[in-house]
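Reviewing the structure listed below.
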Amino acid sequence: MKKTFPLIVFLISLQCFAQNDQKIAFQKCKYELAVSYYEKADFVKAIDLFSLAAKIKPENEIGQEASKKVDTLREVLRKEIMHQAVGTWKRSGSQPVWASTAVNVNDQSNVDEIVEITPNEIAFYTMDKKTKEKKLLRKEDLVYNDKNDAVSLFSEIILSDGTIWNCSINEKADVLRVINVAVKTENGIEKINSNNEENYYVKM
């Protein structure tokens, strides 16, 4: 029995080492794939893979380097999407503007719902269709969600009511889609996995 116990310990240690070695190999694979996307300037795919590599073993050299890449790409991608987002947008509804089922909510109202975006602020207005007079509803500081477990690592914003919205813009940069992916509470961030509220805006 005394001889058997050290053997068991050795086998367990060997198994743990093998598992650890597999994790490092998997991490290295994801990191190298991320680098390949980075070199092709596909930064969206690259940041997701770097983030995954960083989470596998955050304490080793690959994990730390991957984490730095995530921080760098986050800034690059935010500048890119902000360049497209700055300006005035009109809400078109909760369905894509190209969808056959889409109904422009503003067609049933006397006012248009308007959003003005600057690098530091989002302003919400209503605008009278006839007079074009705008009424300010509220202003929000532009606050990003920097949590690494976010749906998107670079394009989520947090509003003052705690709602977290993922923002994306189409290739022509004339349609903005926002979807409520989570809410920030006293207990932390709670993800919304179904029946997410979403809105579409067209650039004016």
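The values are calculated or read from the model by the stated rules, or taken from the named source; none is laboratory data. Nothing here was measured: the structure is a model prediction, and the numbers come from that model. Cβ placement follows ideal geometry from the backbone for every residue including glycine, while neighbour counts extend to all protein chains displayed. These accessible areas exclude ligands, DNA and RNA; they are computed on the full protein's heavy atoms, side chains included. Shrake-Rupley method; radii C 1.70, N 1.55, O 1.52, S 1.80 Å.
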>> List residues of the stretch 162-183, by number, whose backbone nitrogen lies under 20 Å from a label position 7 Å along Cα→C-beta of Lys139.
In response: 162
> Calculated FRET efficiency, Glu198 and Phe124, Cβ-Cβ r, R0 25 Å, to nearest 0.05?
Replying inline: 0.95
> For the stretch 112-204, what is Rg from Cα atoms divided by 2.2 N^0.38 Å, rounded to two decimals?
Replying inline: 1.16
>> Taking all protein chains in place and a 1.4 Å probe, what share, in percent, of the accessible surface of the stretch 105-204 do carbon and sulfur account for?
In response: 45 percent
